[in-house]
Amino acid sequence: MSTSLPNNFLWGGAVAAHQLEGAWKEDDKGVSVADVMTVGGPNKERTITDGVVPGEYYPNHEAIDFYHRYKEDIALFKEMGFKCFRTSIAWTRIYPTGEESEPNEAGLKFYDDLFDELIRNGIEPVITLSHFELPYHLVTEYGGFRNRKVIDLFVKFATTCLNRYKDKVKYWMTFNEINNQANYDNDFLVFTNSGLHFQSEENREEGMYQAAHNELVASARIVKIGHEINPDFEIGCMIAMGPIYPASMNPDDVLSAQKAMEKNYFFADVHVHGEYPEFLTKYWSRKGFNIEITEQDLQDLKLGTVDYIGFSYYMSHAISKKEGYSFDNMTPKNSQVRNSYLEASDWGWQIDPKGLRYALNWFTDKYHLPLFIVENGFGAYDKRDADGQIHDAYRIDYLREHIRQMKLAMTEDGVDLMGYTPWGCIDLVSAGTGEMEKRYGFIYVDKNNQGEGSLERSKKDSFYWFKDVIASNGENL
Ligand code: P53
């Protein structure tokens, strides 16, 4: 059968270590930022506690116990026909505090076994080096990525991984959704990206830019080191993409949307071009920010530009310029509006399949690099029907419409797309809320928001649907 997608298209699924592995202390794993966050809800933020507090419930500690069940889960991925599987390496399994001089062999061995099992099943590992998993020790000791010392510690960790798995892993990404922290008002986003825990007198925005700079330098150094270790490596960045539309044709709204896009996506400019865009350095000086950037940093950025752009896509946003706000003090919080053309999920995420086509074109026009959709999906409450099955037609609808737009972007617009890995292919702990019941999976996991359940796995309707999508290389939707 001739299909519109290339034969080597990477269909698969995506997860992150801290959201499914559990075993938070096993084999000398250290405490990570994910281990000190409680459970929240649709309108309730997770609480970041002062270390691990007895009596609190931390959903990531056990998660779905993938650490002990990965063979069973990989068998299900294989049954669906996955060509690849995206996960991350938990930094705290390899360097429990981040500061050890020698890596923890038990942690390294776990990922050897995991990658071997994937490869044995014909599934290519796609690996994120930093997915909201900073050692908590580096928060209390150094204030997270604001401190330059953490650049070296992260490069050490990444270099250990790139060397160890150089013959098992070809596709890498450095920092997951590095641009989430552009929303510097949000405690969760700056904590998970960079381990930032602000005191009230600090300038949050300036602190965020410093941490982001340190990460961009670390990323560039890792790209360069990676290519020296194995020239066949494909090393990408990872951007959270939600296009920001103008709420109206009012030129104020149009310009506001453009400016908001710049502030949210300059991270990709630095990853791809190896330098800061002019608008940002001008913005910093207008605001009186003093970001420490050395001559060596500028060289490092130039030498470590990425091979591809990985990105997540869940929703789009709309923005309207409000009276009294200038471009410089607009934030998503004070200027975002609901898009009346779109429906939303139970968590208020606006469903916009065409926004995915828009995003693919936007990235292509701007950067001319291969793209990889490494997250997309629909978080929803699932219920067992009278027949005991989970009929998740809403999830299938969401994914089908997004895949349709993705195909149009490839066939009609000529976008160069490497693959598509829906988020949370097996139910896991939500990053944003810590809930188990915000589900994305093709595979149901029996566990609730309070941590009760057998952890038993079962197939939803979407499991059989996605299997057929992959088998037909995207033709049977
Ligand atoms: P949850 C915010 C906005 C868009 C994506 O998110 C985000 C976030 C942070 O929550 O995160 C990514 O679990 C992230 C995953 C996460 C997934 O999207 O809040 O890379 O770790 O689980 C979905 O529904």
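Could you please give the count of residues in the range 1-18 that are assigned to a loop (DSSP other than H, G, I, E, B), crowded, with 21+ Cβ neighbours inside 10 Å and in contact with a Lys or Arg (Cβ under 8 Å, 6 or more places away or on another chain)? Summing the residues that are assigned to a loop (DSSP other than H, G, I, E, B), crowded, with 21+ Cβ neighbours inside 10 Å and in contact with a Lys or Arg (Cβ under 8 Å, 6 or more places away or on another chain) in the range 1-18 gives 1. Within the range 78-95, how many residues turn out to be open to solvent by less than 50 Å² (accessible area, probe 1.4 Å) and either out of contact with any helix residue (DSSP H, G or I) (no Cβ under 6 Å at 6 or more places or on another chain) or over 20 Å from I151 (Cβ atoms) (or both)? Result for the range 78-95: 9.
The residues of the range 233-271 that are open to solvent by 20 Å² or more (accessible area, probe 1.4 Å) and in contact with a Lys or Arg (Cβ under 7 Å, 6 or more places away or on another chain), listed by number, are E234, D252. Do we have any residue at all in the range 58-79 that's touching a Pro at 6+ places or on another chain (Cβ under 9 Å) and either under 21 Å from L455 (Cβ atoms) or away from the ligand (no atom under 16 Å from the Cβ) (or both)? There is no residue in the range 58-79 that is touching a Pro at 6+ places or on another chain (Cβ under 9 Å) and either under 21 Å from L455 (Cβ atoms) or away from the ligand (no atom under 16 Å from the Cβ) (or both). Total residues in the range 218-232 satisfying the condition of being open to solvent by 30 Å² or more (accessible area, probe 1.4 Å) and aliphatic (A, V, I, L, M): the figure is 2. With respect to the conditions (1) acidic (D, E); (2) closer than 26 Å to L216 by Cα; (3) surrounded by 24 or more Cβ atoms within 10 Å (Cβ to Cβ), E21 lacks only one, and its number is (2). Pairing each residue of the range 89-101 that is basic (K, R) with any residue that is open to solvent by 10 Å² or more (accessible area, probe 1.4 Å), provided the two are 6+ apart or on different chains, yields C-beta distances under 6 Å for R93/K29.
For the residues V254, V270, the requirement of being part of a helix (DSSP H, G or I), β-branched (V, I, T) and more than 26 Å from the chain's Cα centre (by Cα) singles out V254. Considering only the range 217-225, I want to know if a residue exists there that is over 15 Å from F267 (Cα atoms) and within 16 Å of the ligand (Cβ to nearest atom). No: zero hits. Selection of the range 422-458 for residues being within 12 Å of the ligand (Cβ to nearest atom) and hydroxyl-bearing (S, T, Y) yields S430, T433, Y440. Residues in the range 146-186 that are in contact with a Gly (Cβ under 8 Å, 6 or more places away or on another chain) and open to solvent by 20 Å² or more (accessible area, probe 1.4 Å): R146, Y171, Y184.
The values are calculated or read from the model by the stated rules, or taken from the named source; none is laboratory data. Please read these numbers as outputs of a predicted model, since none were measured by experiment. Neighbour counts are summed over all protein chains in view; Cβ atoms, including those assigned to glycine, are modelled from backbone coordinates with ideal geometry. Ligands, DNA and RNA are stripped out before the accessible areas are found, and what is left, the full protein with its side chains, is counted by its heavy atoms. Shrake-Rupley method; radii C 1.70, N 1.55, O 1.52, S 1.80 Å.
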